[in-house]
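Each value in this text was obtained by applying a stated rule to the coordinates, not by laboratory testing. Nothing here was measured: the structure is a model prediction, and the numbers come from that model. Cβ: placed from backbone, ideal geometry, glycine included. Neighbour counts: every protein chain shown.
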Amino acid sequence: MSKKIMGERNTANNEQIAFYFAFTQSYFTFLLFPAAFGFTAWLFLGHFSPIYGIVSALWCTVFTEYWKHQEVDLAVRWGVRGVSKIEHKRNHFEHEHVATDPITGEQVGVFPVTKRLQRQLLQVPFAIAAALLLGTLIATCFGIEVFISEVYSGPLKWLLVRTPPTTYA
């Protein structure tokens with residue numbers, strides 16, 4: 001490999017490392033709020049508080065949106081582009097036609113949305129079958145648990161009552 005290519009690769013790695021540390025700094029700073037709120041909720045709201053669950057969900061959303069904005073801000077400030085992308089170009093991607101990206105001016109391969117949606121719709125029957133199978137499993141475990149706890153009065157009832165939830169888990 002030439003030194004120029006290795007230099008570019010090292011620069012990309014350095015930028016990824018810088019993004020990593022910027023993320024961890026932001027994340028740990030943001031974790032102060034859920035830690036303090038979690039302790040307060042533990043003291044005053046009791047176990048399994050829906051308020052804590054809602055606040056945690058909102059905190060996750062706020063942090064994610066903040067990091068998206070921060071990521072773009074850092075990329076502009078550092079003069080880098082596409083460093084934080086997780087996606088990699090697939091070698092076997094077959095595009096229908098080539099178009100120019102209006103923002104970057106690059107030539108990009110385009111695959112029609114309608115064809116992509118048609119392929120994704122093929123997953124629906126499998127998802128329905130999996131949901132029905134899972135629902136049947138849950139209903140069966142629940143039925144066995146109700147039968148054992150309400151009807152059965154034989155030996156080892158204390159152990160058999162715990163079998164369906166354990167199996168389900």
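Okay, here's what the table says:
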| quantity | calculated |
| --- | --- |
| Between region 52-74 and region 86-137, the alpha-carbon center distance in angstrom | 27 |
| Phe142-Val108 pseudo-label distance in nm [points 7 Å out on the Cα-to-Cβ vector] | 4.5 |
| Normalised contact order of the chain, rounded percent, pairs of Cα under 8 Å and 6 or more residues apart | 13 |
| Residue-wise HN-Hα coupling along region 129-142, computed from phi with Karplus coefficients 6.51, -1.76, 1.60 (Hz; x: Gly, Pro) | 4, 5, 5, 5, 4, 5, x, 5, 4, 5, 5, 5, 4, 5 |
| Nearest 10 degrees, 0 to 90: helix 32-44 Cα axis against the chain principal axis | 20 |
| Inter-probe distance in nm under a simple model that places probes 7 Å from Cα toward Cβ, at Ser149 and Ala169 | 1.4 |
| Overall dimensions of the chain by Cα: Rg and Dmax, Å | 26.2, 78 |
| For region 120-168, Kirkwood radius (reciprocal of mean inverse C-alpha pair distance, Å) | 12.4 |
| Rounded tilt (10° steps) of 3-30 against the dominant C-alpha axis of the chain | 40 |
| Lysine pair number, Cα distance threshold 29 Å (strictly under), the chain, separation 8 or more or different chains | 8 |
| Estimated [θ] at 222 nm from DSSP helical runs (n ≥ 4, -39500 (n - 2.57)) normalised by residues in the chain, nearest 500 | -23000 deg cm²/dmol |
| Exposure rule at most 15 other beta-carbon atoms within 10 Å, DSSP loop trypsin sites (Lys or Arg not before Pro): the chain longest free segment | 1-80 |
| Among Gly154, Gly38, Gly109: highest mean-square fluctuation, GNM of the chain, C-alpha pairs under 10 Å | Gly154 |
